[in-house]
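Engineer: Provided herewith is a single structure, encoded as C-alpha cells, for subsequent inquiry.
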Amino acid sequence: MHASLPARPRALGLLAIAGLLLLQTACASLEGPDYGTYDRAPGFNRASFELSETLDNKVFEPVARGYLDLVPGPVEAGVVNFFANLRTVDSSINGFLQGKAKRGGTDMMRLLLNSTVGIAGLFDVATPAGFAAQNEDFGQTLAVWGWRNSRYVYVPLVGPSTIRDLPSMAIRAFTPRLLIGSGYPLWATGIDLVAARADALALTDTRDAAALDPYAFTREAYYQRREFQIFDGNPPLDDFDDFFDDTDAE
Amino acid sequence: MKRLLPTHGARASRPRLSGWKALFGFLLWSFSYLGTAPGWAAADDVAASVERFHAVLIEAMQTEGFGQRKTLLDPAVAEFFDLGTVARISLGPTWRSLAEERRAAFVALIQRLIIATYADRFDSYSGQSFVQVETVAASTGPVVKTVLNRTNDEPVNLDYYFRSGKAFNVVADGVSDLSLRRADYAGIIRAAGYDGLVADIEASIAEFGD
C-alpha cells in the first residue's frame, strides 16, 4: 500500500547505493503495516526501553518538569528556538540532498532570518514570514534515496530509532557543537537535552494516558510518524484494508 | 419469447433527437446521476458527519467536568464511530475466537474507552478550530481530511477513515489511532491473554478524569 517515492536524482542515487551497501540490512522484504516485524531484537529493545523509562521517571522527567516550572515561557521558547535554529543547517542540507530545492531553500531563509532578525535564533520570525520549518534529517534522506524500512532499535536513554535513522540521531545531537566549535560549553549540551525532554513532555504524557503497552505503542507511533515525515506530511493514502483480512474471513 | 432488447424497427420508430438536444440530454442525465450516485452522496454525508462530530468536540472543550463531557460525547461517539469495526480490528485474530456476547461486551468496552479518552483529552478550549480540507476515496471508503488549528501550537492534520458511513480510524499527523490500538493490544494479549487486556482497558478507563 505504500506508494513509491519520487524518482531520485541519478547522482544522489549512486552516492546512496555506496552507503546502502554498507548499511542496508535486507529490509526490502519488510513491507507492511505491522511494524512489529521490524523489531528483530525485541528482548534487547524492550530491556533498553524499560531501563530508559525507569531513569526517565526518576531523573529526566522530573528535571524537565522542574525546568518548565522555573523557566518563564518566553525564555523556554527562546531556548527551543535557539537550538532548533542551529539544526536548521542539518535540515536544509538534507532538503537539498533529497533533491527538494524548495524545502532546502526555505530552511536557508529560515536560518538567515532567525539568525539575524531573530537575534541568533532566539526568536522564530521566519514562520510568520512564510518560511515554516521543514524538519528534514539524514534518516529521511536515506529513506528518499531508497532505504524505506529498517530494523527497530530503542537506543538506551535516547529513544526510539531504526538502524537507518541512527546516523541522523548522532548528527542532530552533535550539530550545535559542530557549528559552534570548541567554544561550545558542556552546560549548553545539558540545557539542550533538558529543553528537548521538556518539549516532549506533552507527547509522553499523551502516550502514558493512552497506552497499555507503552513499548509497542512507542514503536508503532515512531514508524508511523517517520513515514509522515519522509513524505513531508503528505504520505500516500493508506487504505488499512490489510486490517480487515484477518477478521473479515470468518 | 419476450424480447428484452428493442428490435431495429422499434428503435427506428422512436423520435430522433437533434445533436444539441441529445448532448443536452446526456449532460442532464450525467449531472443527475452524479448528484445521486452513492459515492457522491456518501462523501457529502461523511463530511456532514465530521462537521457534527467536530462541533461536539468544540462544545466538549468548553464544558467543565469530566462527567459532563462524557455525557455530551456519549451519543456523538456512538453516532460517529463504527465501534464494531474499531473493536474487531483492534483485537485482530483474537476477535474470531470470541463468542457473540463477549464481542458485544468488547464493543461496549471500546465505546467507553473512546468516550473517556476524548473527554480527557478535549478538556479545555483556547480558540481551537477545525477546518475540513477535502474528502478523498480509499478502497475501504471515503477519507475526510481536516486540520485542527491551535492558537499556541502547530496545527494537527486529522484524517477520518469511513466505512459504511461511519468512521473506523482517525489518523493524526500520520499516526493512526487504530494501528496504535492494534499494536498496543497485541502485546497485552500475548502476555496476559484477552482477559488481561480487558482488565487493563478497565483500569485505563478508571484512570481517566482523575
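The values are calculated or read from the model by the stated rules, or taken from the named source; none is laboratory data. As the structure is a computational prediction, the values presented were derived from the model and not from experiment. Quick reminder, even Gly has a Cβ in these numbers, built from the backbone with ideal geometry, and neighbours come from all protein chains shown.
Engineer: Residues of region B:123-134 being away from every other protein chain (no Cβ under 13 Å) and outside any loop (DSSP other than H, G, I, E, B), which ones?
Structural biologist: Matches in region B:123-134: B:Ser129, B:Phe130, B:Val131, B:Gln132.
Engineer: Mind checking whether some residue in region A:91-98 is of a type in the set (Gly, Ala, Ser) and surrounded by fewer than 19 Cβ atoms within 10 Å (Cβ to Cβ)?
Structural biologist: Looking for residues that are of a type in the set (Gly, Ala, Ser) and surrounded by fewer than 19 Cβ atoms within 10 Å (Cβ to Cβ), one finds none in region A:91-98, hence no.
Engineer: Name the single residue, out of those in region A:132-160 being of a type outside the set (S, T, N, Q) and within 12 Å of the chain's Cα centre (by Cα), that is nearest to A:Lys102 (Cα to Cα).
Structural biologist: A:Glu136
Engineer: Please indicate, with yes or no, whether at least one residue in region A:214-234 is loosely packed, with under 13 Cβ neighbours inside 10 Å and within 14 Å of chain B (Cβ to nearest Cβ).
Structural biologist: yes
Engineer: If you don't mind, there's one more thing I want to ask. I'd like the residue in region A:165-211 that is acidic (Asp, Glu) and in contact with a helix residue (DSSP H, G or I) (Cβ under 8 Å, 6 or more places away or on another chain) and, out of all such residues, is farthest from A:Tyr223 (Cα to Cα).
Structural biologist: Residue satisfying both the conditions and the ranking: A:Asp192.
Engineer: Report every pair of residues separated by at least 6 positions or lying on different chains whose Cβ atoms are under 7 Å apart, first residue within region B:187-199 and at the interface with another protein chain (Cβ under 10 Å from one of its Cβ atoms), second of a type in the set (Gly, Ala, Ser) and assigned to a helix (DSSP H, G or I).
Structural biologist: B:Gly187/A:Ala216; B:Ile188/B:Gly196
Engineer: For region B:59-93, which residues satisfy the criterion of being under 23 Å from the mean Cα position of the chain (by Cα), surrounded by fewer than 21 Cβ atoms within 10 Å (Cβ to Cβ) and either among the acidic types (Asp, Glu) or within 11 Å of chain A (Cβ to nearest Cβ) (or both)?
Structural biologist: Across region B:59-93, the qualifying residues are B:Glu59, B:Asp74, B:Glu79, B:Asp82, B:Gly84, B:Gly92, B:Pro93.
Engineer: Shifting gears a bit: Could you tell me whether any residue of region A:167-187 is touching a strand residue (DSSP E or B) at 6+ places or on another chain (Cβ under 7 Å) and within 25 Å of A:Asn94 (Cα to Cα)?
Structural biologist: yes
Engineer: Would you pick out the residues in region A:106-124 that are within 19 Å of A:Phe96 (Cβ to Cβ) and surrounded by 15 or more Cβ atoms within 10 Å (Cβ to Cβ)?
Structural biologist: A:Thr106, A:Asp107, A:Met108, A:Met109, A:Arg110, A:Leu111, A:Leu113, A:Asn114, A:Ser115, listed by residue number.
Engineer: Could you look through region A:171-213, keep only residues that are outside any helix (DSSP H, G or I) and in contact with a Ser or Thr (Cβ under 8 Å, 6 or more places away or on another chain), and pick out the one that is surrounded by the fewest Cβ atoms within 10 Å (Cβ to Cβ)?
Structural biologist: Among them, the one singled out is A:Leu212.
Engineer: Specify which of the listed residues (A:Thr189, A:Thr175, A:Thr116) is hydroxyl-bearing (Ser, Thr, Tyr) and without any contact (Cβ under 8 Å) to a residue 12 or more places away in the chain.
Structural biologist: From the options A:Thr189, A:Thr175, A:Thr116, the qualifying one is A:Thr116.
Engineer: May I ask you to list pairs of residues, at least six apart or on different chains, whose Cβ atoms are under 6 Å apart, with the first in region B:135-154 being within 9 Å of chain A (Cβ to nearest Cβ) and the second being assigned to a loop (DSSP other than H, G, I, E, B) and surrounded by 13 or more Cβ atoms within 10 Å (Cβ to Cβ)?
Structural biologist: B:Ala138/A:Leu237; B:Ala138/A:Asp239; B:Ser139/A:Asp239; B:Ser139/A:Asp241; B:Thr140/A:Asp239; B:Thr140/A:Asp241
Engineer: Which one of A:Ser150, A:Ser182 is away from every other protein chain (no Cβ under 14 Å), hydroxyl-bearing (Ser, Thr, Tyr) and within 22 Å of B:Arg182 (Cβ to Cβ)?
Structural biologist: A:Ser150
Engineer: Out of all the residues in region A:197-208, is one or more basic (Lys, Arg) and facing chain B (nearest Cβ under 8 Å)?
Structural biologist: No, the conditions are met nowhere in region A:197-208.
Engineer: Within region A:75-104, work out how many residues are touching a Lys or Arg at 6+ places or on another chain (Cβ under 7 Å) and more than 18 Å from A:Gly130 (Cα to Cα).
Structural biologist: So the answer is 3.
Engineer: Of the conditions (1) surrounded by 14 or more Cβ atoms within 10 Å (Cβ to Cβ); (2) modelled with pLDDT of 50 or more, A:Cys27 satisfies every one except a single condition; which number is it?
Structural biologist: Failing condition for A:Cys27: (2).
Engineer: Now for a different question. So, in region B:164-176, exactly how many residues are touching a residue at least 24 places away in the same chain (Cβ under 8 Å), in a strand (DSSP E or B) and more than 9 Å from chain A (Cβ to nearest Cβ)?
Structural biologist: 2
Engineer: Something else about it: State whether one or more residues within region A:56-73 are free of Cβ contacts under 8 Å to residues at least 60 places away in the same chain, part of a helix (DSSP H, G or I) and within 22 Å of B:Glu154 (Cβ to Cβ).
Structural biologist: Yes, there is a match, as at least one residue in region A:56-73 is free of Cβ contacts under 8 Å to residues at least 60 places away in the same chain, part of a helix (DSSP H, G or I) and within 22 Å of B:Glu154 (Cβ to Cβ).
Engineer: With among the acidic types (Asp, Glu), in contact with a helix residue (DSSP H, G or I) (Cβ under 7 Å, 6 or more places away or on another chain) and more than 28 Å from A:Asp124 (Cα to Cα) as the only criterion, which of B:Asp195, B:Asp173, B:Asp120 stands out?
Structural biologist: B:Asp120
Engineer: A further question follows. Here is a list of conditions, (1) within 13 Å of the chain's Cα centre (by Cα); (2) in a helix (DSSP H, G or I), and A:Asp232 meets all of them except one; can you say which number that is?
Structural biologist: Just one mismatch for A:Asp232, condition (2).
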